[in-house]
Each structure stands twice: as C-alpha cells, then as structure tokens.
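Novice: Sharing a structure here in structure tokens format.
Just so it is clear, none of the values below were taken in a lab; they were calculated from the coordinates. Bear in mind the structure is a predicted one, so any value in this text is a computation, not a measurement.
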Amino acid sequence: MVYRFLTVLFIVMLQFVSLGCKSKAAQNENMSGNLFSSESFTTESSLKKAPDFKLQTIDGKTVKLSDYRNKVVIVDFWATWCPPCRRGIPDLIELQNEFKKDLVVIGISVDRDTRDGVAEFARKQAINYPICYFTDKVVEDFGGIEGIPTSFVIDKKGNIVDSHVGLVDKDTYVQVIKKLLKKK
C-alpha cells in the first residue's frame, strides 16, 4: 500500500516538475506547457507565414514584425512570474548579442495582473531586445499560446520555421539560427 502511494506521488510530482508556467488566467483557459521544447516546425511543406503584428513596447514605442524582414526573428511569449521564462531570458540576451546583425528577439509579455512590473523587471534583467505587451489578437494570430514560454523562430522571409512550448536550450536556437543564416 505504501509502495503504491509513493509511486502515485512520484508520478504526480514528475508531472508537476515537467509543466511550464500557468497563471490563474491560464489555468482557467486550460493552458499548459512543458518545461522543455516540445513542438517544432522545420520542413518546407509545413512553413507558415508569421502573422504581422503591431504592439506597444514597455517604453511606449511600437514594434511591427514586418519591420524585421531580412532578419531572423525569435518571438518569445513569456511572463515575469514564470520561472522557466526567467531562466531562458539570459540565453535570449546572449543570442541577441551574438547575432545582433542578423537576429532580433521580440519578447511579448503575457502578464495581466503583473503588467505594471514588466518594465522594471526588464530593466533589472538588462534585457537588450524589445519587450512588448500582448494583445488577445496577437495570441490568437499565433494560434493560441498553450503555455509559457512559447517561442517562434521566423526566417528572413517571414515564415515560422520552428516553434517551442517550454524552455528552449540556447544551443537549439543557435543551430536553427545558423542554418537559417546559411540559406540565401
């Protein structure tokens, strides 16, 4: 009996650890995500145009995805209260530094209740890429966000070539970016 209880407890704990972040709103909307990458688009036949968007940044500017044609773009949906999101930010900062001529990272904060703290959080983390506030439309246009972090890698032509629900290892991004930069 104790063995069965411990087995069930272990399985429940394992499932908890593997989940990404969920807000109260996300829980109500039945959102969930894995801690590590779980979804990827890489074949030519599965390419999909990334939806253009126009979003307000934390410093009051406007960012449009179409402004970054001819660059590789990582669109990262995240929140300040999400541990895997926070853990991935240093890698995104490094990627922005390493590939600054050819890459733009765009962070889209899905913070609702903690929106007022996004700018302060970005400043403290020394985030070097645009941070925007989400809209329901941009979430819908990207097919809905099942969990955070969720990221999309977009090629120079505006196609989504890779997507991930959950924390992504920096090397995974580097491989995709280098592959895209070799394409003409």
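Novice: As a quick test, which of the pairs Lys54/Lys101; Lys49/Lys124; Lys124/Lys183; Lys124/Lys182 have an alpha carbon distance above 32 angstrom in this structure?
Specialist: On the way: Lys54/Lys101 22 Å; Lys49/Lys124 34 Å; Lys124/Lys183 36 Å; Lys124/Lys182 35 Å.
Result: Lys49/Lys124; Lys124/Lys183; Lys124/Lys182 exceed 32 Å.
Novice: Another question, then. Given N residues in segment 53-168, what is its alpha carbon radius of gyration divided by 2.2 N^0.38 Å? Spell out each step's value before the answer.
Specialist: On the way: Rg = 12.9 Å, N = 116, 2.2 N^0.38 = 13.4 Å.
Computed over Cα atoms of segment 53-168, the ratio equals 0.96.
Novice: Starting at the first residue of segment 144-153, write each ³J(HN,Hα) from the Karplus equation 6.51 cos²θ - 1.76 cosθ + 1.60 with θ = phi - 60°, in whole Hz, x for Gly and Pro.
Specialist: x, 10, 7, x, 10, x, 10, 10, 10, 9
Novice: In whole Hz, what ³J(HN,Hα) sequence does segment 51-59 give by Karplus (6.51, -1.76, 1.60; θ = phi - 60°), x for Gly and Pro?
Specialist: For segment 51-59, the Karplus curve yields x, 6, 8, 9, 10, 7, 8, 5, 9 Hz.
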